[in-house]
Amino acid sequence: MNLKYLVIFLTMPLFCLGQKGKPLDSLKQLIYTSKEFSDKGQLDSSYHYAKISYSLAKQLKADSLQVEIVGTLSYYEPDLEKALEYLAESEPIAIKNKQWKYLKNMYYVRGTLFYHRTKDERALVHFLKLDSLLEKRNDDIFLAAMNKVSIVNILYDSRTANDTSFFAQMNKNIKDGLQLVNAGLKISKDSLKFYNAYYLNVPAAILYEKKAYMHVQRKEPKKAIINYQKALSNTGYVDSKFTDNPLRKSLIYNGLANLYERENQKDSALHYYKKELVAIYKTTDTLMQAISNYKIAEFYNNNNNPKTALLYLNTAQDLMESAYFVRDEHNYKLLDILASVYFNLGNFEKAYEASEKARQHLIKIQTAFNKENISELETKYQTEKKEQEISLLKSQNEIEEQHNKNQKNMFLGGISILSIAGLFLFFLYRNRQKTNIKLKELDALKSNFFANISHEFRTPLTLISSPINDILAEDSISDKKRKQFTIAKQNSERLLELVNQLLDLSKIDEGHLRLQLQKGNVLQLIAALSESFIYHAEQKNIIYNIAVSEDERAVWFDKSAIEKITINLLSNAIKYTPNNGVISCEAYLKNQTLFFKISNSGKGLTSYELNNIFERFYQTNDQNQGSGIGLALVKELVELHKGSIEAQSIPNEETSFILKLSVDKNSFKDATLLTTSNHKVDEGIPLYTNVINDEDETFIDNDLPILLIVEDNDDLRHLLKQIFEEQYNVIVASNGKIGVDLALEHIPDLIISDIMMPEKDGIALTKALKNDERSAHIPIILLTAKAEVESQFEGIETGADDYTIKPFNKKLLLLKVEKLIESRRQLQLRYSQELVLLPKDIAVTNLDEKFLKKVETILEKNLIDPSFNVTEFSEAVGMSRMQLHRKLKALTGLTASEFIRSQRLKLAAKLLKTSDINMSQVGYSVGFNDHSYFTKCFKEAYNCTPTEFANRS
């Protein structure tokens, strides 16, 4: 009911009474009469005079008075659609005349109308709209505070308040509302704004009541009671002319009653329920009287007194029937309680009847809610449709106007446009001609460059390979030298083949490469080429299936092109098939077409890789070996042979290359026909670099440091092994994954690793080993073909100790390895000279320091135990005996057993220096069982007996 009083207050007439004979004065008198009836609670009469006033204001075109009365009329209009219509008519007038006071009142009334009819979401929209307007024009503190109250009331509603987000909003608006109240109370009585702030006790009471409710929800009863008391203090006298607000008091008493009932203080709860009734009967609000009656009825029913509850419910029903506005929620609540009361009284028939009526009201609530949502959606749809139609009509009009305008200018501009267009096309044509010429020149330069550079490479390659062949022909050279020169020969042949491929590509680009066709058995040639790869497949335990048809038909083909296509595809298959994988080679003739398919198992290709696999210099992965030339050449040769090639792949399963080549002489017009045929494999073409299997040739000499070489190129791996095998125990790995496993197994003194490798590259290997306690101390030198500074930074930042660029200098690499191992020996020497173990002084990395601290802690606990041995030591550290042995050897130069003995002797030396312990007891106190053995070990370590050492100290 506070909303009704607010509307009445805001619609107070601004003009005094004048002469009754004048129309405007009569209108003002009608407005004043409507207000008087509203003050007296005679709502029907107030509505009647407000309606007459509004109609007369429209006739007289008294806009300001129409705006003034519309709030009262809309508030009491029982038909919501009409009420909204009145407000919609008057809102533009208020905006036009800048009647901000009444515009704000309209927003407030519109929100109130929706709220009374349970359209809470729509009501909230208008209250928030008013909130924004009040922030811009903060000239009415009372309305601003009451608007905050309205927002809080909606959020307080049971249908939304259960959501925590609504609680947060509710708390914020309570806080903002109380800030407005406190600001208003500070306004001076001499200020014009004091009149608006005079009634701030009304919103203050409501806000403190809702704040108390928030504390109840948070289970803070003491704070809730304090705020209920503050609410009560704002419902008393404003001055001698205004009495207290019994309606607000009844609501506060109800809150206190609910609180005490929740706290199980039934006497206090009943006390406040009765006070609520006394207060509410001082008002004329029959709806609130009914609500108070069914609430106390619910209390009696819940406390086993249904008879008394029924009396209050009957009263509530009578009051509800005479109420002005009754929401379905109230009817549902009353009937729901009534059903429970009849059930407790044993009158199940009436209980069922009340329950059914309650259910009907619940259905109405849900139906209204759904209808509202549907209506809103339909309204939104119709609005958007109309807006689209208006926009379309507007666009059509604009287009038509523009069209007419363009027609006027078209003739005058036509000649100019045609002239400009002609000049533009002429210059465009000339520029394109120049561009095409430049592109052709660039292509020619590129092709000439590749051709020239290829020719330039062939001369030095010939000068390299010829002496190598001469040396290999000698019987007197050693096996080691023969292996080295064999590697050199294989790689010079490989480089020559790459040069030839580049030369072929440049010839194709220039159109100088012509097919040399000969008639023969192409399937026999493919079978011979395929069988030459059997050995290489066996080296990797690959299942190699050759299914070449035995068709002996003679067809036309270019022998060199078939050889290059077959060798490139099979070389790729061998390279990218993992150990124990599968390769299939299938070929057959059908009509005048050769069908050829090569498949291999493996990780497969992505869709992006499939789209680019035949592009020149494209590589599927930076870590894989290859130049990116082979498949590009294959595609060019296939197309030259009037055929097609397609790559297919199933990820992590299989990759296939499917070829179709024409072997019909009529398909080739520019080809040269040869009369002889030769189906033997050209020995000048290196089919596949021989694999030197050196991974199993590991011989550990305990007197030599262990060096691990990780390199995926077989020849380079073998070369590195040969360089170091005289001075080091060399272990080799073909990729980073195997390298990490071998490093953790053997704990080498140093690692040389390539960066670009399959499975796991050198950067990942370095990161893995440098972050593992067992291997963090191992120096790592990275090898790479990348000379960029960024690559070197990446390696060093990961923890690598050095970085060497290929091709490397043998002496420099040997020196780097020697110096890194020597630096570790210096740390070992420093350790042997220290009396006490200092982890930070001999640790290479933070992990090493942690490891040595762990060792120090373990020895502190176990060193004096004579039975403490290497096995227990390794278990306590969490490493195998060999790993602990290699780790300690690398850091201290001592084996695990020597390290334990060394620490015992150092402890003994410390005791001899700092204590007066009996000489015969020193050995036993540091873990030696035999005094003579202790004396012998001590003398070996310090070149004097324990007694001499103590006397010297």
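Within the shell of other residues whose beta carbon sits under 14 angstrom from the beta carbon of residue 519, the net charge comes to 0, with Lys and Arg scored +1 and Asp and Glu -1.
Potential lengthening of the chain between residue 317 and residue 60 amounts to 87.9 nm, from the contour at 0.36 nm per residue minus the alpha-carbon distance. Given their separation in residues at 0.36 nm each and the Cα-Cα distance between them, residue 418 and residue 483 gain 15.6 nm when the chain is fully extended.
Taking amide H as placed 1.01 Å from N in the peptide plane, the amide H of residue 545 sits under 5 Å from that of 583, 584, 585, each at least 5 places away or on another chain. On the beta carbon distance between residue 401 and residue 100, with R0 = 41 Å, the FRET formula returns roughly 0.60.
Which FRET efficiency value, to the nearest 0.05, is calculated for residue 82 and residue 797 with the Förster distance at 60 angstrom and r the Cβ-Cβ distance? My answer for the efficiency is 0.15. Count Lys and Arg as plus one, Asp and Glu as minus one, and take only other residues whose Cβ is under 12 Å from that of residue 907; the net charge is then +3. The 3J(HN,Hα) values that the Karplus relation (6.51, -1.76, 1.60; θ = phi - 60°) gives for region 45-55 are, in residue order, 5, 4, 4, 4, 5, 5, 5, 4, 4, 5, 5 Hz. Gly and Pro appear as x. Sorted ascending by nearby beta carbons within 10 Å, beginning with the fewest, 494, 432 become 432, 494. Please work out the Cα center distance from region 254-269 to region 308-334, rounded to the nearest Å. That distance is 22 Å. Excluding same-chain neighbours fewer than eight residues apart, the lysines reachable from residue 665 by a Cα-Cα span under 19 Å are 519, 559, 590, 642. Rounded to whole numbers, the Karplus 3J(HN,Hα) couplings from phi for region 251-258 are 5, 5, 4, 4, x, 5, 4, 4 Hz, using 6.51 cos²θ - 1.76 cosθ + 1.60 with θ = phi - 60°, and x at Gly and Pro.
Neighbour counts of other Cβ atoms within 10 Å put 416, 902, 233, 560 in the fewest-to-most order 416, 233, 560, 902. By other beta-carbon atoms within 10 Å, ranking 937, 944 with the fewest at the front produces 944, 937.
First obtain the Kirkwood hydrodynamic radius of region 857-953 from its Cα pairs, then insert it into the Stokes-Einstein equation at 20 °C and 1.002 mPa s, and state the resulting D in µm² per second as a whole number. Answer from the Stokes-Einstein relation: 154 µm²/s.
Taking label points 7 Å from Cα along the Cα-to-Cβ direction, residue 44 and residue 606 give a separation of 8.1 nm. Over region 514-674, the hull volume per residue, using the convex hull of the C-alpha atoms, is 107 Å³. For region 646-660, backbone phi angles converted through the Karplus equation (6.51, -1.76, 1.60; θ = phi - 60°) give residue-by-residue couplings of 9, 9, 10, 8, 10, x, 6, 10, 7, 10, 10, 10, 10, 10, 10 Hz, Gly and Pro being listed as x. In the neighborhood of residue 77, defined by Cβ-to-Cβ distances under 11 Å, what is the net charge if each Lys or Arg adds +1 and each Asp or Glu adds -1? Net charge around residue 77: -1.
Most simply put, region 514-674 has about 75% antiparallel DSSP beta bridges, counting only bridges with both residues inside it.
Rule-based calculations on the coordinates, nothing more; no lab input. Nothing here was measured: the structure is a model prediction, and the numbers come from that model. Positions of Cβ are backbone-derived with ideal geometry, glycine not excepted, and every protein chain shown enters the neighbour counts.
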